[in-house]
Structure formats: C-alpha cells, structure tokens
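Encoded as structure tokens, the structure appears first; notes follow it.
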Ligand SMILES: C[S@@+](CC[C@H](N)C(=O)[O-])C[C@H]1O[C@@H](n2cnc3c(N)ncnc32)[C@H](O)[C@@H]1O
C-alpha cells in the first residue's frame, strides 16, 4: 500500500500521487488515476480539473489508494469501474466478459451502414435480423440494434454469466424488447434461421500465446480468449454453418487478430464458395476482420 498522510489532500495532489502509483503498471497512468478518482468522487474529469484545489475526505483518499493498488496489480480499469465505453455508450462489464475493444466498433459501423443501405423506405415496416455469435457483454450486437430501430438481435454465448451481462446491457440500452439471447454453442441454439447480418468476435488467441499476469488481458475470462492451437478452433466450426445463416445479400463480419487473418480468410473461401470474402484493416492499418457478402437475390 502506498503511503498516505492523514493531512487532507487536494484533488491535484491526489492525482499526482495516483499517477505515480500507476506509472509502472499502466500505459496511461494519469488518465487511469483521473478515472479512478472520478469514480470515487462521483465526478467527471472536467470537475477534477476545475476543482484541483478541493480537498478529499480521509475515506475518499483511502478508497482511491485502494483502487490504485488494485489497478497497479494489473486489473483492467474497466473491471474496477464495472463499465466500459463502446460506440459512445456505456456498457456494464464484469470479469465474466471480455472488455469490448475499440477495434470492434468498426464491425458495428459496417453492419449499421449495411442495414441502412438495405432499407426500403417504401415499405411500411421492415424488420432486419442480426445474429451475434459469442455475444459476451452485448457490445457489438446491442450497439447495432441501438442504431437501427428496425433491427432485431439474436445473441448466443456458451457462458451463462456473460449472457446475464448482455441482458443487463440490452435492458439499459432499451433494446431488450428486440433481443433474444441463447445459451449454447456457436449458432446451434438459433434453430436454422438466416440473418441480414451475422457478427462474431469469437476467441482467437492461440492457446500458447494466452497472456499471463500481470498482463491486464490475463484478467479476462479464458473462454473469451482461447482460440485453440492456431487461434481458429471456433471459426473452423462456425464457418461450415455460416452460408445457411446468411440471407441472400446478407453480410457476415468475423473479427480476429492480424496473425490469424490469412488462415481465417482461407477457411472462409473454402467453406463459402461464391461468397465475396475480403480482409478489412482497422484504423491502425492492421488486418482486423473478414467481411463476407452473400450474393444478392
Ligand atoms: C472474444 S469474446 C467477444 C465478446 C463480445 N462479442 C465482444 O466483442 O466484446 C468471445 C465470446 O464468445 C463466447 N464463446 C466462446 N466460445 C463459444 C462457443 N463455442 N459458442 C458460443 N459462444 C462462445 C465467450 O464466452 C465470449 O463471451
């Protein structure tokens, strides 16, 4: 535990102390300290800046120090705060789900653009369907249907604890009435339906590369990370079923890591002949997902 005087400390001094405590364990110690202090005080970052000379109570200072200690031990800040921002919305997270990654926002953008492009404004009511395989916290699927009110979501996860988090988030975003969640393996529980959009961010880290503590990723559930010997175990089982899951003209977006992308692309081409398959880069120029487009009717 870092030293902490009984003399009342200002916001500025507390932030400086927290930044020091996190310097070795975090890539963004100042920002982490601000988020932790904001959490303890129930205040936004702007308030901390505007009130840098305000004093903390002893209890607040102790709570802040305790959280900095936990963070310094490697625990991701999203698990400490219990929430994470994704596509401009707050998602509840626990250590039972993967923390949504900013790269996955690209899948949401593309799925939403695809659904908008297929909207026929002459039709009175057109319901699109979206399937999220390995839905986790619900970040990808819920964000898509939150942007497209005429879309319904089905999500599958083999973790009951993850599904509870997804349900919680769907309710918070007011999309639960357009949502069906299934416990099970890949797309099996969905009963042979086909969808306008299929998204999947299944575990893709090769087992031998799984991170170890204090790497923050090692705090995330193994069943959300472990993709088997070459990282492609789950996609190898999903791809033979994918053609039947896609409506004519439908879109499927499969996220993986840059080193596994070529293998994923080959599997996709092998299993879905006649379907357009493209690797899409993220904003950092790294191969991030495979896009499949079924031929239009
Ligand atoms: C990498 S996480 C992605 C979570 C979420 N889609 C996201 O992007 O934040 C993978 C998720 O797939 C789930 N999963 C792993 N294997 C599965 C399987 N065979 N069938 C269904 N879900 C699976 C895990 O429990 C985990 O929630």
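Brief remarks on what is shown
- Of all residues in the range 235-264, those satisfying the criterion of being touching a strand residue (DSSP E or B) at 6+ places or on another chain (Cβ under 6 Å) and either loosely packed, with under 15 Cβ neighbours inside 10 Å or farther than 17 Å from residue 201 by Cα (or both) are 247, 250, 258.
- Among the residues of the range 173-184, just one is part of a loop (DSSP other than H, G, I, E, B) and in contact (Cβ under 8 Å) with a residue 40 or more places away in the chain, namely 173.
- Taking the range 33-107 and the helices (runs of 4 or more DSSP H) fully enclosed by it, the elements with 2 or more residues that are outside the structural domain of residue 172 (by TED's automatic domain parsing) and in contact (Cβ under 8 Å) with a residue 60 or more places away in the chain are at 58-72.
- Which listed residue, of 229, 189, 214, 149, is surrounded by fewer than 19 Cβ atoms within 10 Å (Cβ to Cβ), assigned to a loop (DSSP other than H, G, I, E, B) and either touching a residue at least 60 places away in the same chain (Cβ under 8 Å) or within 11 Å of the ligand (Cβ to nearest atom) (or both): 214
- Enumeration of residues in the range 265-276 that are buried (at least 17 other Cβ atoms within 10 Å of the Cβ) and within 22 Å of residue 205 (Cα to Cα): 265, 267, 268, 271
- Residue list for the range 152-172, filter: in contact (Cβ under 8 Å) with a residue 40 or more places away in the chain and either within 8 Å of the ligand (Cβ to nearest atom) or over 19 Å from residue 96 (Cβ atoms) (or both): 154, 158, 159, 162
- Filter result for residue 63 (modelled with pLDDT of 95 or more and farther than 30 Å from residue 148 by Cα): yes
- The single condition among (1) touching a helix residue (DSSP H, G or I) at 6+ places or on another chain (Cβ under 8 Å); (2) away from the ligand (no atom under 16 Å from the Cβ); (3) on the phi < 0 side of the Ramachandran plot; (4) in contact (Cβ under 8 Å) with a residue 24 or more places away in the chain that residue 12 does not meet is (1).
- Test: residue in the range 16-29 that is in a loop (DSSP other than H, G, I, E, B) and surrounded by 15 or more Cβ atoms within 10 Å (Cβ to Cβ): yes
- Per-region count, the range 265-283, residues free of Cβ contacts under 8 Å to residues at least 60 places away in the same chain and either touching a strand residue (DSSP E or B) at 6+ places or on another chain (Cβ under 6 Å) or not in a helix (DSSP H, G or I) (or both): 12
The values are calculated or read from the model by the stated rules, or taken from the named source; none is laboratory data. Only a predicted model underlies this, so the values are computations on that prediction, with no experimental measurement involved. Glycine gets a Cβ as well: all are built from the backbone with ideal geometry, and neighbour counts include every protein chain shown.
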